[in-house]
Amino acid sequence: MSRQVFLYDPPDRFVAGTVGLPGRRTFFLQASGAGRVTSVALEKTQVAALAERIDELLDEVVRRTGGNAPVPVMAPSEITDSAPLDAPVEEEFRVGTMALAWDGDEQRMIVEAQALVELDADTDEDLAEAEERLLQDEENGPPMLRVRLSGAQARAFAKRALDVVNAGRPPCPLCSLPLDPEGHVCPRQNGYRRDA
């Protein structure tokens with residue numbers, strides 16, 4: 001079977017969002033355009049890392065071009081997207097590997113999210129070699145979501161993604177662990193229950 005690539009160049013919409021209540025949320029990347037919607041599941045830490053790396057890469061593009069690249073310093077308020085994910089949210093795959101690149105010729109951010117794949121290998125070297133072969137295999141590699149964004153779209157995506165990550169349960173002021181609505185057992189209070 002050939003590799004399935006969900007390409008959005010450019011998307012009408014590309015956002016990070018969640019389904020579920022804080023503490024039990026499932027995180028998704030969702031791209032839409034030309035009458036189709038693609039949703040891929042990933043971990044909260046992957047969403048946070050992706051947003052942070054997008055901002056870092058855009059800052060580096062601005063620095064290297066001396067501010068001449070069409071990349072805003074902050075997310076433009078006119079393209080802020082706070083709407084929920086498009087329903088129904090149907091997971092195409094769970095993300096394993098993500099990649100970012102800047103296409104200087106087209107002035108576009110390229111975001112790739114590839115499906116999680118389990119590989120069998122005897123040594124770390126064999127595993128690294130198998131991973132590299134799989135990721136470079138354009139015909140038979142894992143499914144992939146590839147999105148090409150303008151600098152403004154990428155900034156807006158990163159801002160929303162960080163907002164979504166930070167919208168979870170508030171941290172305990174003593175131990176920084178997440179507080180559940182019913183309270184939590186704080187290790188800094190020697191096991192006594194702390195109410196939210």
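Go over the candidates E138, E131 one by one and state the one that is open to solvent by 70 Å² or more (accessible area, probe 1.4 Å) and either modelled with pLDDT of 80 or more or part of a helix (DSSP H, G or I) (or both).
E131
So which residues in segment 43-84 are open to solvent by less than 70 Å² (accessible area, probe 1.4 Å) and under 14 Å from the mean Cα position of the chain (by Cα)?
Q46, V47, A48, A49, L50, A51, I54, D55
All but one of (1) in contact with a strand residue (DSSP E or B) (Cβ under 9 Å, 6 or more places away or on another chain); (2) surrounded by 17 or more Cβ atoms within 10 Å (Cβ to Cβ) hold for V89; which doesn't?
Failed condition: (2).
R160 passes all but one of (1) of a type in the set (D, E, K, R); (2) at pLDDT below 75; (3) part of a helix (DSSP H, G or I); which number fails?
Against the list (1) of a type in the set (D, E, K, R); (2) at pLDDT below 75; (3) part of a helix (DSSP H, G or I), R160 comes up short only on (2).
Which pairs turn up if I take residues in segment 166-187 that are in contact (Cβ under 8 Å) with a residue 12 or more places away in the chain and look for partners that are open to solvent by 80 Å² or more (accessible area, probe 1.4 Å) and outside any loop (DSSP other than H, G, I, E, B) with beta carbon separation below 6 Å, at least 6 apart in sequence or on another chain?
Going by the 6 Å Cβ cut-off, the qualifying pairs are L174/R188; C175/P187; C175/R188; G183/R193.
For residues in segment 11-23 being touching a residue at least 40 places away in the same chain (Cβ under 8 Å) and loosely packed, with under 15 Cβ neighbours inside 10 Å, which is farthest from A154 (Cα to Cα)?
Among residues in segment 11-23 that are touching a residue at least 40 places away in the same chain (Cβ under 8 Å) and loosely packed, with under 15 Cβ neighbours inside 10 Å, the one farthest from A154 (Cα to Cα) is G23.
Hey, among A16, A87, A101, which residue is farther than 15 Å from R160 by Cβ and either in a strand (DSSP E or B) or in contact with a Gly (Cβ under 7 Å, 6 or more places away or on another chain) (or both)?
The conditions single out A101.
In segment 1-10, what residues are under 15 Å from F93 (Cα atoms), open to solvent by 50 Å² or more (accessible area, probe 1.4 Å) and either of a type outside the set (S, T, N, Q) or in contact with a helix residue (DSSP H, G or I) (Cβ under 6 Å, 6 or more places away or on another chain) (or both)?
Residues satisfying the conditions are V5, L7.
For segment 24-42, enumerate the residues that are surrounded by fewer than 17 Cβ atoms within 10 Å (Cβ to Cβ) and within 18 Å of L162 (Cα to Cα).
Hits for segment 24-42 are R24, T26.
Residue by residue, here is whether (1) in contact with a helix residue (DSSP H, G or I) (Cβ under 6 Å, 6 or more places away or on another chain); (2) within 22 Å of P143 (Cβ to Cβ); (3) of a type in the set (K, R); (4) in contact (Cβ under 8 Å) with a residue 40 or more places away in the chain holds:
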site: L29; (1), (2), (3), (4): no, yes, no, yes
site: G35; (1), (2), (3), (4): no, yes, no, no
site: V62; (1), (2), (3), (4): no, no, no, no
site: A69; (1), (2), (3), (4): yes, no, no, yes
site: I79; (1), (2), (3), (4): yes, no, no, yes
site: A87; (1), (2), (3), (4): no, yes, no, no
site: L100; (1), (2), (3), (4): yes, yes, no, yes
site: Q114; (1), (2), (3), (4): no, yes, no, no
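Residue pairs, Cβ under 9 Å, 6 or more apart or interchain, first in segment 143-161 and among the hydroxyl-bearing types (S, T, Y), second crowded, with 23+ Cβ neighbours inside 10 Å. List them.
So the pair list comes out as S150/M109.
The values are calculated or read from the model by the stated rules, or taken from the named source; none is laboratory data. This one's a predicted model, so the numbers in the text were calculated from it and none came from an experiment. Neighbour counts are summed over all protein chains in view; Cβ atoms, including those assigned to glycine, are modelled from backbone coordinates with ideal geometry. Quick note on the areas: whole protein, heavy atoms, side chains included, nothing else; ligands and nucleic acids left out. Shrake-Rupley method; radii C 1.70, N 1.55, O 1.52, S 1.80 Å.
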